[in-house]
Amino acid sequence: MVATFEYRAPTSVQEAVELLASNADDAKVLAGGQSLVPLINLGLAQPGLLVDINGIAGLDGIQEVNGSLAVGALVRHAVAEHSEAIKRTCPLLAAAIPLIGDRQVRNRGTIGGSIAHADPVAELPTVAVCLDAKMRIDGPNGSRDVPASDFFVTYLTTALESADLLTTVWFQVCTAGSGDSFQELVRRKGDFAIVAAAAAVELAADGTMRKANLALAGVAPTPVRATAAEDFLRGQKPSPELFRKAAAAAAQADNVDPESDVMASAEYRRAMAEVYARRALAEAAERATPGR
């Protein structure tokens, strides 16, 4: 079966939004196409209209703005991978990007596309949840910012409405001396992760943890924050035993509810989530230096 659809290539965000609004649920946005095109080829997606946003100027920039890092939706993974601004201001994002797919995928895939696709084990949604990223969404009623905690709804589902376009992802610039780590369990490099953990740690002058963010993937319909573990860690000095207890608490939290599939059983996912959470916290703390 050959897929048939109308193709439009708007040159402005407003034009793209108008096209999406006039075609309701029958339109799909095309950025890098690394998720959408395979779905169309398999017959799992059958859009009547493809809205190609690659010709819209201004969506492929990376810049620091008032203590935040703005990453345009059309920034290619390969560009972000080599961005000095990202390495300097958001090292957790820099650590996760090289783990995405293979070089071909990273050459075409986009930051916005990965976030909007909302695969629950994907690297970028996990980083976004860990770092409290905000998504700039443009729609018929103007622009709005949606935090990652509200943006990811369930499997492959986000807060984007049918006429909305994700235009920018905002990450807070990391504090000097903070440490981070992204850990994932894969059968081979470039495969979809079975589980993953992202951690960001800030140390106070006395060596206690001023902040300890931890996000898990592969254990729920979306990446989840381990808030109970974070509260437990805050104000304490890093130690292997402390991280063991925190990781165990994270893996047993109410928002962790893994499912069994052909890749792994639910029990295995939960057990590995604990292991990788512990590793991520330990490495992030090791990389951090006490602040003022």
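The values are calculated or read from the model by the stated rules, or taken from the named source; none is laboratory data. Remember, it's a predicted structure, so these values are computed and weren't measured experimentally. Glycine also receives a Cβ, built like all others from the backbone with ideal geometry; neighbour counts cover every protein chain displayed. Protein only, heavy atoms only, side chains kept; ligands, DNA and RNA dropped before computing areas. Shrake-Rupley method; radii C 1.70, N 1.55, O 1.52, S 1.80 Å.
Odds and ends about this structure:
- Cα shape, the stretch 124-220, gyration tensor, a/c 1.5 rule: oblate
- Peptide ranges 209-219, 226-236 listed from the most packed, as the mean C-beta count within 10 angstrom indicates: 209-219, 226-236
- Förster-model FRET efficiency, 22 Å R0, Ser149 and Arg234, C-beta, rounded to 0.05: 0.75
- Total lysine pairs whose alpha carbons fall under 28 Å of each other in the chain (8 or more apart, or interchain): 9
- Legend: translational diffusion of the chain by Stokes-Einstein, Rh = Kirkwood radius over C-alpha pairs, 25 °C, 0.890 mPa s; D = 126 µm²/s.
- Calculated P(r) of the stretch 158-264 - Cα pairs past 16 Å, %: 67 percent
- With Cα atoms defining each centre, the stretch 28-78 and the stretch 244-275 are spaced 31 Å apart in the structure.
- At a probe radius of 1.4 angstrom, the accessible area of the chain per residue rounds to 47 square angstrom.
- The smallest convex shape that holds all Cα atoms of the stretch 18-109, its convex hull, gives 121 Å³ per residue.
- Debye-sum result for the stretch 48-176 in log10 I(q)/I(0), which assumes one identical scatterer on each alpha carbon, at q = 0.10, 0.14, 0.15 Å⁻¹: -0.28, -0.56, -0.65
- The local environment of Asn213, defined by Cβ-Cβ distances under 12 Å, has a net charge of -1 under the rule Lys, Arg +1 and Asp, Glu -1.
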